[in-house]
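*Asks:* Sharing a structure here in structure tokens format.
The values are calculated or read from the model by the stated rules, or taken from the named source; none is laboratory data. The shown structure was predicted, so the numbers you read here are calculated from the model rather than taken from an experiment. So basically every Cβ, Gly included, is an ideal-geometry build from the backbone, and we count neighbours across all protein chains shown.
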């Protein structure tokens, strides 16, 4: 049996994934993404869903002063 390697990089990445997943599953994100999809569908039909997802994620991360950088600093300082 092989045991998983759990180094600092893995732990940091795992924290990022948990934070982003929490955002993507939030009601705020889902509502904003849907609103943006409707707006973008008129001008960018093919990519509307992708761009709406990206923009909604960016907006919520920026609005909430996303903690990726603080998480990173906490890991490098030990």
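*Asks:* Which members of the stretch 16-48 meet the condition of being closer than 28 Å to residue 74 by Cβ and touching a helix residue (DSSP H, G or I) at 6+ places or on another chain (Cβ under 8 Å)?
*Replies:* 16, 19, 20, 23, 24, 26, 28, 29
*Asks:* Something else about it: If the requirement is being modelled with pLDDT of 80 or more, surrounded by fewer than 14 Cβ atoms within 10 Å (Cβ to Cβ) and not in a helix (DSSP H, G or I), which of these qualifies: 38, 28, 46?
*Replies:* Numbers: 38 fails: not in a helix (DSSP H, G or I); 28 fails: not in a helix (DSSP H, G or I).
46 is the lone residue from the list that is modelled with pLDDT of 80 or more, surrounded by fewer than 14 Cβ atoms within 10 Å (Cβ to Cβ) and not in a helix (DSSP H, G or I).
*Asks:* Looking at the stretch 49-63, which of the residues that are under 30 Å from residue 77 (Cβ atoms) and surrounded by 12 or more Cβ atoms within 10 Å (Cβ to Cβ) is modelled with the highest pLDDT?
*Replies:* Taking the stretch 49-63 and keeping what is under 30 Å from residue 77 (Cβ atoms), we get 57-63.
Remaining after also requiring surrounded by 12 or more Cβ atoms within 10 Å (Cβ to Cβ): 57, 59-61.
Details: 57: 95, 59: 92, 60: 91, 61: 87.
Only one residue fits best here, namely 57.
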